[in-house]
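For reference, the structure is listed below as structure tokens.
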Amino acid sequence: MTDLKQLLVACGLDEKKYSRLFKAFGDPTRQKIMIFLSTGEKTVNEIAKAVGVSQPTTSRHLAIMRDAGIVVDRRDGQRIYHRLEKVFIKNCCVGFCDCLEVKFVRLDEKKAEKKAEKNAAKKKK
């Protein structure tokens, strides 16, 4: 088990959820979509025009973002409006950073223990 996987499990977080989330965050086009959606809900055509990609490509990006949980949509007649799930994004990012902080504290504690052991060994000589 990798350190990251152990860290996520120890913090009660789902590794697959974070993989999907970071995949969604990692693409420059999806980053543009997130920035555009930060102003409110939009249709796929509005998003495609603003981001400069085709409607099918935009729909594929939105599907990845929806799968990651960072975009939700609602239907209003023939139109579908997409919006960011800001609370979910915030909670995931805060949770991940909290887990990293725990990992950093553990690393710092291990370094301090090793340093103390070296100093104790030097004093015995």
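Sticking to Cα atoms, compute the Rg of the range 12-125 to one decimal and its Dmax as the biggest Cα-Cα distance, whole number, in Å.
Just the Cα atoms of the range 12-125 yield Rg and Dmax of 21.8, 82 Å.
What is the sum of charges, Lys and Arg at +1 and Asp and Glu at -1, for the other residues whose Cβ falls under 14 Å from the Cβ of L21?
Summing Lys and Arg as +1 and Asp and Glu as -1 gives +3.
Can you count the Lys pairs in the range 39-123 whose Cα atoms are under 30 Å apart, with each pair 8 or more apart or on different chains?
Final tally of qualifying lysine pairs is 19.
Here, each number is a calculation from the coordinates, and none is a lab measurement. These numbers were taken from a predicted model, which means no experiment stands behind them. Note that we place each Cβ from the backbone using ideal geometry, even for glycine, and neighbour counts take in every protein chain shown.
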